[in-house]
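S.K.: One structure, as structure tokens, below. Some questions next.
The values are calculated or read from the model by the stated rules, or taken from the named source; none is laboratory data. Treat the numbers as computed from the prediction; the structure is a model and nothing was measured. Neighbour counts run over all protein chains shown; Cβ positions are idealised from the backbone, glycine included. Note: areas computed on protein heavy atoms with side chains; ligands, DNA, RNA excluded. Shrake-Rupley method; radii C 1.70, N 1.55, O 1.52, S 1.80 Å.
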Amino acid sequence: MSDVYTSPNSYNEITGCTPDSNTEALLITRNATIAGNGAQWLSYLNNGGVIITEYNNPEPVYNELYGTSYTNDSAGDCRDMIMPSTIVNASDPFWVATGGITPVPDSEDSCGSDLADIVAGEGGTVIALGERTPEGTTSLAYRSQGLGVLFLTGADWQDSSTASAGAEASSAQLFGHMIAYSSAATSNAIPVLPAWAMVPLLGLIGLGARKHLKK
């Protein structure tokens, strides 16, 4: 799945659902096994991990981690871009740290969960980062947890791209920034799980910034 992100770091992509201290980020794809993993994923986040959801699983992942009961509401155009068409909370440290990434055109947005209910329900704990235009549904948000970060993405990023080269470049740049965001903030590297590698297995992908990916 290295084609969906760009990064100055080189990662080994490993399929698996149990992140460790060598995991740069955990990518939880739509077919991943979620039930029963909440405690270990929460520990991973608290110790500086990065978790990135996909498509229609942000609510199940969030519920597993925090014992909530949010339901899925789908929206958007299925162009497979994790980069939103509208940036929300542009002064947030996350966006400031990106140095400015161009949003994708309205016609090349993703499809997946609308995260507005989680953002509203969690009272400032979950921060919206992006919306789909013109419908205004929330496609990207995050929650800081311990030393780590949970990125909630209602984007179908594991699919083959159907967007323009410019949109692909912006989206890949954002994805790479998300993978490294926690380690940049805490000086610790963390693992990620690759979507394509996980589909036949658990739907989870691990990227090791200590430089390997867990499959």
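S.K.: Among the residues of region 149-169, write down those that are surrounded by 23 or more Cβ atoms within 10 Å (Cβ to Cβ) and outside any loop (DSSP other than H, G, I, E, B).
M.R.: Val149, Leu150, Phe151, Leu152, Thr153, Ala167
S.K.: Filter region 87-128 down to residues that are of a type in the set (Gly, Ala, Ser) and within 15 Å of Ala163 (Cβ to Cβ) and give me whichever is modelled with the highest pLDDT.
M.R.: My answer is Gly112.
S.K.: Run Ile118 past the list (1) surrounded by 14 or more Cβ atoms within 10 Å (Cβ to Cβ); (2) under 17 Å from Met178 (Cα atoms); (3) of a type in the set (Val, Ile, Thr) and report the number of the one that doesn't hold.
M.R.: Exception for Ile118: condition (2).
S.K.: List the pairs whose first member sits in region 30-58 and is more than 14 Å from Gly148 (Cβ to Cβ), whose second member is in a helix (DSSP H, G or I) and modelled with pLDDT under 95, and whose Cβ atoms are under 7 Å apart, counting only residues at least 6 apart or on separate chains?
M.R.: Asn31/Met198; Ala32/Met198; Glu54/Ala195
Okay, residues lined up against (1) open to solvent by less than 10 Å² (accessible area, probe 1.4 Å); (2) modelled with pLDDT of 90 or more:
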| position | (1), (2) |
| --- | --- |
| Gly130 | yes, yes |
| Leu147 | no, yes |
| Gln173 | no, yes |
| Gly206 | yes, no |
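S.K.: Give region 134-145 a look and list any residue that's over 15 Å from Tyr66 (Cα atoms) and open to solvent by 40 Å² or more (accessible area, probe 1.4 Å), or say none.
M.R.: Within region 134-145, Pro134, Glu135 meet the criteria.
S.K.: Let me ask another. Being touching an Asp or Glu at 6+ places or on another chain (Cβ under 6 Å), under 26 Å from Asp109 (Cβ atoms) and among the charged types (D, E, K, R) narrows it down to one of Asp92, Asp77, so name that one.
M.R.: Asp77
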